[in-house]
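The values are calculated or read from the model by the stated rules, or taken from the named source; none is laboratory data. Since the model is a prediction, treat every value here as computed from it, not as a measurement. Here the Cβ is made from the backbone with ideal geometry for all residues, glycine too, and neighbour counts use every protein chain on show.
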Amino acid sequence: MAPIKRVSIRNHTAEANLFARRTFIAFIGVVVMLLILFSNVYNLEVNSFEKYQTRSNSNRIKLLPVAPNRGQIYDRNGVLLAENKPIYSLEVIPEQVEDLDTTIAEVSDLLGISKEKQEKFFKATKGKRRFKPLELHSRLSDQQVALFSVNQHKYPGLFIDARLKRYYPFGDLTTHNLGYVARINRKDANKLEEQGKTENYAATREIGKLGLERYYEDILHGTIGHQEVEINNQGRIIRTLDFTPPTPGKDLTLTLDIELQMIAKRALSGKRGAVVAIDPRDGGVLAMYSNPSYDGNLFVHGISSKNYKKLLSSKDLPLINRTVQGYPPASTIKPFIALTGLDKGVITKESKVYDPGFFQIPKVEKKYKDMRKGGHGWISLTRAVEKSCNVYFYNLAYKLGIDNISDMMDKFGFGEYTGIDIHEESRGILPSVGWKRARFNQPWYTGETISVGIGQSYWTVTPLQLAQATSILVNKGEVKTPHMLKATSQTTYVQADDKNIVKVQAQPYEIEEHPPIQLTEQSNWQIVLDAMHSTVQKQGATGHNAFKGHQYDAAGKTGSAQVARLAKDEKYDASKIQENKRDNAMFISFAPFDKPEIVVAVAIENVAQGGGATNAAPVARQIMDQYFGNRVIKSEYSSTMHPVHNEHFSESASHTGAH
Amino acid sequence: MRSTGHDQAKKKDIWQKLHIDLPLLVGILCLMILGLFVVYSAGGQNADLVVRQGIRLGIALVVMFFVAQIPPRYYLKWAVPMFVVGLGMLVAVLLVGTMGKGAQRWLNLGFMQFQPSEVMKLIVPITVAWFISQHDLPAKLGNILIAFILVLIPTLLIAKQPDLGTSLLIASSGLFVIFLAGASWKLIGTCVGLASAFTPVFWMFLMKDYQKQRVLTFLNPEQDPLGSGYHIIQSKIAIGSGGLNGKGWLQGTQSQLEFLPERHTDFIFAVFSEEFGLVGVSLLLITYLAIVMRGLWIAVNAQQAFAKLLAGSITLTFFVYVFVNIGMVSGLLPVVGVPLPLVSYGGTSMVTLMAGFGMLMAIGTHRRFIAQ
């Protein structure tokens, strides 16, 4: 017990004092350290309060963009052409599923989900962000949606997501007009960035890629809304703090008539070609169809490379919008050349030209042949149009010279964009001295002027340009930009007792007026229009057969364009020539003659037999038949119809290029 | 007046007989009750969690009560055997211990899991205090060196598990005894110098990668905000966004929306600061200071050198808990697994802590018997 003894002899007071001193020092240490802790917390909670409050809020508050609903598109009669349809997809949050493999297998069994889709899903689960939903199946059928909904309680972590997707109920019938929307790609994103629209597209998945969808993208898209939500650390939304609703895009009502469009499709079935019908009173496009077409819906969901290849490699080139593609105008240009001749005083209504069956430039040996062997003899302007006499127009073109022709044709808009509301338009080619110099760096030859007179040579015009030029013609010089948009309207949701949907602010399309074409003599318009009238009305004229028995007083002009250049003295025989080198059939027309309501231009490629009169004119007739229905419009010809000429017209009898 | 004075004296006697130090108990209960409220908020308002913590606190209070009944002189008798057995168990843990959370801390006794390092938190200061009080104070250099070795062995064994937090607490509990025993300032200066010199060696050879990572994260948490820096960044955001008055109980967005990790355990201080602000933090710190002051008062008033040293060490070690935890949660210190004493949800260390308070109370209430 030695230790106890030692304790007894200790100096307790000294030890207690030492201990008290050391304890006091320790206590001071404790106080200092508490002050350090306090000052640190003070610094955080008082000095840096705002910084941390901001960070705390940015932790928990997220601004979720809410996409506006895209405006819908209607035809002139209110038929829905582009709508937003809910698409249901089955989404999975793998972190919330207890046994992923079994669950996916069970659900796939239930809904009939393919092995490939399951594999694709499992592949996607690797390396994705936590708690981000993954798509197991896109585009569920109604039956699948119902089946899953009934069984949903068994599968936590799986849910059905509904999204609006663009849908075009008429499929290929409207693709070349409406275009389509498709997923925003890098190029679109860059463009949006450039235009400063990125923020407005934060929640948008698709953008107009073609046609009206592209042209009116800004109007259709609308303005983004925002949802301010509180989220937890897993990004799950706890509650909504604030909601700014998006402004939906404006609806478009078009000038198009879907029924006319259907007739156009039917009339062109099995052919490559295009129809454009315009209301000359306001430039509104009634029908604009290019055949063959394709289904724009394919692109909305992202077209498969197999389908895309099929479209690209089809020799019928369905992706090309033929309504805005250049064709040689052929004889459909003759009324415009005639007008130029009248305006420049080169010809009058009465002046006649002798047609021996060919035309020769003075002192040049080359003969430009007429299609009619032996020629028409002495022929006037009206008859030359009716019968599409080439020699008359060779002669006229020669007298006018290329500059006079190209100057006037320029006023009709050839070689220029019409300004229609799609971006796919091509300008075509208006041959002129300047154009040839710029294009080939070659001088213009008089011989070329001769072919220009019958719409051949370098000429190409689009069916739309033809329709537009005809429209200017029937309006006697007034120019109205063709357009498909009739009105825009904003759908506004006004909350009353219930949700009231109120459609307000319909805004009609503003018709663009241009300075009219001034002729030296305004009566010249009527001479040309009269000639087109008789071309359809007079028995034996080129347009008559196709319009036999019609009751709406139509007028028009046929054309057949030579695609392949024939060797000297070679005879054209459609049946013996390569399909893609056969003639194109063209036709322009309008009705009723006195107060035109509709202008129709038709182009058909590589017809097997005949030309514009037998191939293109019947298409225009079907469109007009549909347009006028049972309306009967009195014609000066209907009471006094009698055969004036007994000559038999056959367009392909003698072939020299155009007629 | 006299009667109330007499009543008070009588009341005091009751607590004296029960060997409970009333001011200490009040301080402890304040923290425990506060802790239950914060655990409820931090645990996603889960009542189960609060009930479980309540039961645990009850058990801890009972343990404290029983420990308080043991006269301190018995510690003297058992100091050496307990220390030896304790060391044996620490070795056993390293050899046959069970793994948990990447560390080997548990000993499977068949009927229960046992964590020897927890018991060592009490045995080490008892042993060192026993050894030093064998001789006159201030302790001589030779004895201090031996005391150092007594501290170093268990510290290294626990650090090897690895359990940096516990080894730190055990080392400080022993070192406090040496400090209070009057180790010369020269010696203390030398030790601090040596420790600083030893730091690079410690870093390169003794620290595990995850421990190094914690230190690196502490030095620059923004470097890896989604990985290892996440804890400390979210914790600082929680504290800072609390402001002067806090967001209110159950209103802390950082904790309620689960941005804060380890909310109801090690990082509960961040929840508390977010919801109660600087005002709440001040009151909490004052409560801890009051407990420390009461513990030191008991130490100073103890009759025996052994009792003084042990009481002082227990009190100061308790403060180390507080300092390390709050320092770590508020970004002053690297992340070390030390709970906020009496407030954090969790079991084992709570029981050890309360056993320590039991000893403190025993020292405070049994002294008269010694005097008699």
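Filter region A:413-436 down to the residues that are on the phi > 0 side of the Ramachandran plot and within 15 Å of the chain's Cα centre (by Cα) and list them by number.
First pass over region A:413-436, keeping only residues on the phi > 0 side of the Ramachandran plot: A:413, A:415, A:419, A:428.
Across region A:413-436, the qualifying residue is only A:GLY419.
If you go through region A:129-153 one residue at a time, how many are in contact with a helix residue (DSSP H, G or I) (Cβ under 8 Å, 6 or more places away or on another chain) and exposed (fewer than 13 other Cβ atoms within 10 Å of the Cβ)? Before you say what the answer is, go through the steps one by one.
Here is the first cut: in region A:129-153, the ones in contact with a helix residue (DSSP H, G or I) (Cβ under 8 Å, 6 or more places away or on another chain) are A:130-131, A:134-137, A:140, A:144, A:147-148, A:151.
Subset that is exposed (fewer than 13 other Cβ atoms within 10 Å of the Cβ): A:130.
Number of matching residues: 1.
Against the conditions (1) touching a residue at least 24 places away in the same chain (Cβ under 8 Å); (2) more than 11 Å from chain A (Cβ to nearest Cβ); (3) not small (Gly, Ala, Ser), where does B:PRO261 fall short? Just the number, please.
Going through the list (1) touching a residue at least 24 places away in the same chain (Cβ under 8 Å); (2) more than 11 Å from chain A (Cβ to nearest Cβ); (3) not small (Gly, Ala, Ser), B:PRO261 breaks only (2).
For the subset of region A:368-391 comprising residues that are without any contact (Cβ under 8 Å) to a residue 24 or more places away in the chain and in a loop (DSSP other than H, G, I, E, B), which member is farthest from A:PHE547 (Cα to Cα)?
A:GLY374
Pairs under 7 Å by beta carbon, first residue within 26 Å of A:HIS514 (Cβ to Cβ) in region A:268-293, partner among the charged types (D, E, K, R) and in a loop (DSSP other than H, G, I, E, B), six or more apart or different chains?
Short answer, once both residue conditions are applied: A:ASP279/A:GLU597; A:ARG281/A:GLU597; A:LEU286/A:ASP257; A:ALA287/A:ASP257.
Just checking, how many residues over region B:270-280 are facing chain A (nearest Cβ under 9 Å) and either basic (Lys, Arg) or closer than 18 Å to B:MET32 by Cβ (or both)?
Quick first cut of region B:270-280, residues facing chain A (nearest Cβ under 9 Å) only: B:273-274, B:277-278.
Add one more test, that the residue is either basic (Lys, Arg) or closer than 18 Å to B:MET32 by Cβ (or both), and what stays is none.
Of the residues in that region, 0 qualify.
Out of A:TYR398, A:TYR394, A:TYR354, report the one residue that is at pLDDT 90 or above, surrounded by fewer than 23 Cβ atoms within 10 Å (Cβ to Cβ) and either among the polar types (S, T, N, Q) or part of a helix (DSSP H, G or I) (or both).
Numbers: A:TYR394 fails: surrounded by fewer than 23 Cβ atoms within 10 Å (Cβ to Cβ); A:TYR354 fails: either among the polar types (S, T, N, Q) or part of a helix (DSSP H, G or I) (or both).
The unique qualifying residue is A:TYR398.
Residues are listed down the side, and each one gets a yes or a no for (1) in contact with a Phe, Trp or Tyr (Cβ under 9 Å, 6 or more places away or on another chain); (2) polar (S, T, N, Q); (3) not in a strand (DSSP E or B):
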{"site": "A:ARG55", "(1), (2), (3)": "no, no, yes"}
{"site": "A:ASN59", "(1), (2), (3)": "yes, yes, yes"}
{"site": "A:LYS62", "(1), (2), (3)": "no, no, no"}
{"site": "A:ASN69", "(1), (2), (3)": "no, yes, yes"}
{"site": "A:GLY78", "(1), (2), (3)": "no, no, yes"}
{"site": "A:ALA82", "(1), (2), (3)": "yes, no, no"}
{"site": "A:LYS85", "(1), (2), (3)": "yes, no, no"}
{"site": "A:GLU91", "(1), (2), (3)": "yes, no, no"}
{"site": "A:GLU98", "(1), (2), (3)": "no, no, yes"}
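Could you check, for region B:178-191, whether at least one of its residues is closer than 19 Å to B:VAL93 by Cβ, surrounded by 24 or more Cβ atoms within 10 Å (Cβ to Cβ) and not aromatic (Phe, Trp, Tyr)? Break it down stepwise before answering.
Going residue by residue through region B:178-191, those that are closer than 19 Å to B:VAL93 by Cβ are none.
Within region B:178-191, none of the residues are closer than 19 Å to B:VAL93 by Cβ, surrounded by 24 or more Cβ atoms within 10 Å (Cβ to Cβ) and not aromatic (Phe, Trp, Tyr).
Restricting the search to region A:210-248, which residues are within 27 Å of A:ARG166 (Cβ to Cβ) and of a type in the set (Gly, Ala, Ser)?
Residues satisfying the conditions are A:GLY211, A:GLY222, A:GLY225.
Does any residue of region B:337-349 turn out to be modelled with pLDDT under 95, within 25 Å of B:ARG52 (Cα to Cα), outside any helix (DSSP H, G or I) and among the hydroxyl-bearing types (Ser, Thr, Tyr)?
Among the residues of region B:337-349, at least one is modelled with pLDDT under 95, within 25 Å of B:ARG52 (Cα to Cα), outside any helix (DSSP H, G or I) and among the hydroxyl-bearing types (Ser, Thr, Tyr), which makes the answer yes.
Which residues, taken from region B:22-60, are among the polar types (S, T, N, Q) and touching a residue at least 60 places away in the same chain (Cβ under 8 Å)? Talk me through it step by step, then tell me what you get.
Looking only at region B:22-60, we keep the residues that are among the polar types (S, T, N, Q), and these are B:41, B:45-46, B:53.
Of everything in region B:22-60, those that are among the polar types (S, T, N, Q) and touching a residue at least 60 places away in the same chain (Cβ under 8 Å) turn out to be B:SER41, B:GLN45, B:GLN53.
State the number of residues belonging to region A:580-611 that are within 13 Å of A:GLY273 (Cα to Cα), touching a Lys or Arg at 6+ places or on another chain (Cβ under 8 Å) and surrounded by 24 or more Cβ atoms within 10 Å (Cβ to Cβ).
3
Looking at B:SER330, B:SER349, B:SER344, which is the one that is within 11 Å of chain A (Cβ to nearest Cβ) and of a type in the set (S, T, N, Q)? Spell out the reasoning first.
Values: B:SER349 fails: within 11 Å of chain A (Cβ to nearest Cβ); B:SER344 fails: within 11 Å of chain A (Cβ to nearest Cβ).
After applying the criteria, what remains is B:SER330.
Could you give every pair whose Cβ atoms fall below 8 Å, whose first residue belongs to region A:353-367 and is on the phi > 0 side of the Ramachandran plot, and whose second residue is among the basic types (Lys, Arg) and surrounded by 15 or more Cβ atoms within 10 Å (Cβ to Cβ), counting only separations of at least 6 or pairs across chains?
What qualifies is A:GLY357/A:LYS369; A:GLY357/A:ARG372.
Could you check region A:228-339 for strands (runs of 3 or more DSSP E) lying wholly inside it with 2 or more residues that are more than 17 Å from the chain's Cα centre (by Cα) and over 25 Å from A:PRO169 (Cβ atoms)?
Details: elements: A:237-244, A:251-254, A:273-279, A:284-291.
Where strands (runs of 3 or more DSSP E) fall fully within region A:228-339 and carry at least 2 residues being more than 17 Å from the chain's Cα centre (by Cα) and over 25 Å from A:PRO169 (Cβ atoms), they are A:237-244.
If I go through region A:510-526 residue by residue, how many of them are more than 16 Å from A:GLY284 (Cβ to Cβ) and part of a loop (DSSP other than H, G, I, E, B)?
Matching residues across region A:510-526 total 8.
Out of region A:29-84, which residues are surrounded by fewer than 19 Cβ atoms within 10 Å (Cβ to Cβ) and more than 14 Å from every other protein chain (Cβ to nearest Cβ)?
Within region A:29-84, A:LEU63, A:LEU64, A:PRO65, A:VAL66, A:ASN69, A:ASN77, A:GLY78, A:VAL79, A:LEU80, A:GLU83, A:ASN84 meet the criteria.
Taking the residues in region A:46-70 that are within 32 Å of the chain's Cα centre (by Cα) and not hydrophobic (A, V, I, L, M, F, W, C) as candidates, determine which candidate is nearest to A:VAL229 (Cα to Cα). Lay out the reasoning, then the answer.
We begin by selecting, within region A:46-70, every residue within 32 Å of the chain's Cα centre (by Cα); these are A:64-70.
If we keep only those that are not hydrophobic (A, V, I, L, M, F, W, C) as well, we get A:65, A:68-70.
Numbers: A:PRO65: 11, A:PRO68: 18, A:ASN69: 21, A:ARG70: 24 Å.
Applying the filter and picking the extreme gives A:PRO65.
I'd like to verify a number: residues in region B:235-252 that are surrounded by 24 or more Cβ atoms within 10 Å (Cβ to Cβ) and within 8 Å of chain A (Cβ to nearest Cβ), how many?
Narrowing region B:235-252 to residues surrounded by 24 or more Cβ atoms within 10 Å (Cβ to Cβ): B:235, B:237-242, B:252.
Filter once more, keeping what is within 8 Å of chain A (Cβ to nearest Cβ): B:237-242.
Number satisfying all stated conditions: 6.
Find the residue count for region B:126-156, including only residues that are within 14 Å of chain A (Cβ to nearest Cβ) and either in contact with a His (Cβ under 8 Å, 6 or more places away or on another chain) or within 18 Å of B:TYR74 (Cβ to Cβ) (or both).
Step one: filter region B:126-156 for residues within 14 Å of chain A (Cβ to nearest Cβ), giving B:129-140, B:143-144.
Among the residues that remain, those that are also either in contact with a His (Cβ under 8 Å, 6 or more places away or on another chain) or within 18 Å of B:TYR74 (Cβ to Cβ) (or both) are: B:129-131, B:133-134, B:143.
The number of residues fulfilling the criteria is 6.
Which residue, of B:ILE326, B:ILE286, B:ILE291, is of a type in the set (A, V, I, L, M) and either without any contact (Cβ under 8 Å) to a residue 24 or more places away in the chain or not in a helix (DSSP H, G or I) (or both)?
On the way: B:ILE326 fails: either without any contact (Cβ under 8 Å) to a residue 24 or more places away in the chain or not in a helix (DSSP H, G or I) (or both); B:ILE291 fails: either without any contact (Cβ under 8 Å) to a residue 24 or more places away in the chain or not in a helix (DSSP H, G or I) (or both).
Step by step, each of B:ILE326, B:ILE286, B:ILE291 is checked, and only B:ILE286 is of a type in the set (A, V, I, L, M) and either without any contact (Cβ under 8 Å) to a residue 24 or more places away in the chain or not in a helix (DSSP H, G or I) (or both).
Assuming A:ALA541 fulfils every condition listed in (1) at pLDDT below 80; (2) outside any helix (DSSP H, G or I); (3) touching an Asp or Glu at 6+ places or on another chain (Cβ under 9 Å) apart from one, which condition is it?
Of everything listed in (1) at pLDDT below 80; (2) outside any helix (DSSP H, G or I); (3) touching an Asp or Glu at 6+ places or on another chain (Cβ under 9 Å), A:ALA541 misses just condition (1).
Report yes if A:TYR417 is without any contact (Cβ under 8 Å) to a residue 12 or more places away in the chain and not basic (Lys, Arg), otherwise no.
Working: without any contact (Cβ under 8 Å) to a residue 12 or more places away in the chain: yes; not basic (Lys, Arg): yes.
Criteria met by A:TYR417.
Grab the helices (runs of 4 or more DSSP H) fully contained in region B:127-220, keeping just those with 2 or more residues being touching a residue at least 60 places away in the same chain (Cβ under 8 Å).
Numbers: elements: B:141-159, B:164-180, B:185-201, B:209-219.
Per the criteria, B:141-159, B:164-180, B:209-219.
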